[in-house]
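Quick notes on the structure that follows.
The values are calculated or read from the model by the stated rules, or taken from the named source; none is laboratory data. Keep in mind the model is a prediction, meaning the values are calculated, not measured. Methodologically, a virtual Cβ is constructed for each residue, glycine included, from the backbone with ideal geometry; neighbour enumeration extends over all protein chains shown. In case anyone asks, the SASA skips ligands and DNA or RNA and just uses the protein heavy atoms, side chains included. Shrake-Rupley method; radii C 1.70, N 1.55, O 1.52, S 1.80 Å.
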Amino acid sequence: MEIKPITTYTGKVVPLFHDNIDTDQIIPKVHLKRISKTGFGPFAFDEWRYLEDGSENPDFNPNKPQYRDASILITGDNFGCGSSREHAAWALKDYGFNIIIAGSYSDIFYMNCTKNALLPIVLDEAARHHLAQYEEITIDLPEQTVSSKDQTFSFDIDPTWKHKFVNGLDDIAITLQYEKEIEAYEKNIKV
C-alpha cells in the first residue's frame with residue numbers, strides 16, 4: 001500500500017452518525033478470507049450497504065449520490081469497538097476513506113488506523129454535526145485543524161503519529177531510516 005503524506009487535505013464528506021459501530025459492522029467476519037490488505041473495500045459496511053438481493057441500500061448514506069466518492073467519514077462515538085481485527089482499517093482505506101472524524105475510538109482500532117494511513121480525528125458532537133453539513137471540508141494536519149467554509153475546529157494528535165502522516169511514513173519506512181546503523185550492527189554480531 002502506497003502511503004501518501006497528509007499535510008493539507010480537502011475531501012468530500014459522508015456522515016454516518018451511529019455510536020458504537022464495531023469492527024463486525026465495518027467488515028463482517030464472513031469476508032475475512034483474503035491474505036492481503038487490499039480487496040476489502042467492496043465489503044465495508046456490507047450488512048448496511050446492501051439489500052438482501054445484493055443491490056445497494058438506497059437509505060445507507062455512503063450509497064446516496066451526494067456522498068459518492070467521499071473520502072472523509074464523519075461518525076459517532078466509540079467507532080471501531082469490538083474485535084481487534086486490522087481488517088476494519090484495511091476495508092475503510094480500500095473503500096476510499098483517508099480520514100475518519102469520530103467522537104472517540106476503540107484504542108486498538110485507533111492504532112490500526114495510524115498504522116494503515118487512515119487518519120483518525122477526534123472532535124466533539126457539535127463540531128461533527130457542523131462539518132457534516134458541508135460537501136467538502138479541509139484538514140490541516142500541521143496546524144491540527146478541520147475547517148468548513150465558515151468555521152475551524154482544532155484537534156489533538158500524538159506528535160509521533162502526526163510526524164508519520166505528514167511525512168507519509170509507515171513503520172517499515174521509519175526502520176529503513178536507520179539502515180546504515182542496522183548494517184553496522186549486523187556486521188558486528190556473531191552467529
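What to note about this one:
- Percent of C-alpha pairs per 5 Å bin in the stretch 1-79, short distances first: 3, 12, 19, 24, 22, 15, 4, 1, 0.
- Projecting label points 7 angstrom from Cα along Cα→Cβ for A126 and R49 puts them 3.5 nm apart.
- Debye-sum result for the stretch 31-116 in log10 I(q)/I(0), which assumes one identical scatterer on each alpha carbon, at q = 0.11, 0.15, 0.17, 0.26 Å⁻¹: -0.30, -0.57, -0.74, -1.47
- Put simply, the amide H of F97, placed in the peptide plane, has no neighbours under 5 Å, leaving out anything fewer than 5 places away on its chain.
- Considering only H129, I157, H87, and ranking their Cα positions along the charge dipole of the chain that arises from unit charges at the beta-carbon of Lys, Arg, Asp and Glu, the one farthest toward the positive end is H87.
- Within the accessible area of the stretch 68-191 (1.4 Å probe), percent carbon and sulfur: 49
- Accessible surface comparison of R128, R34, probe 1.4 Å, protein chains only, largest first: the order is R34, R128.
- Considered as an equivalent ellipsoid built on the Cα gyration tensor, the stretch 82-191 has semi-axes of 34, 17, 11 Å, the largest given first.
- Sparsely packed GluC sites (Glu not before Pro) within the stretch 150-183, loop by DSSP, other Cβ within 10 Å at most 11: none
- Dimensions (Å) - the stretch 107-146, Cα atoms, principal axes, largest first: 29, 21, 17
- Taking the convex hull of Cα positions in the chain, its mean projected area over all directions (nm²): 12.8
- Couplings for the stretch 105-111, taken from phi via the Karplus curve 6.51 cos²θ - 1.76 cosθ + 1.60 with θ = phi - 60°, read 9, 5, 4, 5, 4, 4, 5 Hz in order; Gly and Pro are left as x.
- Rg and Dmax, both from the Cα atoms of the stretch 81-126 and both in Å, are 10.1, 30.
- Pairs exceeding a 26 Å alpha-carbon distance, out of K37/K164; K33/K64; K33/K115; K93/K180: K33/K64; K93/K180.
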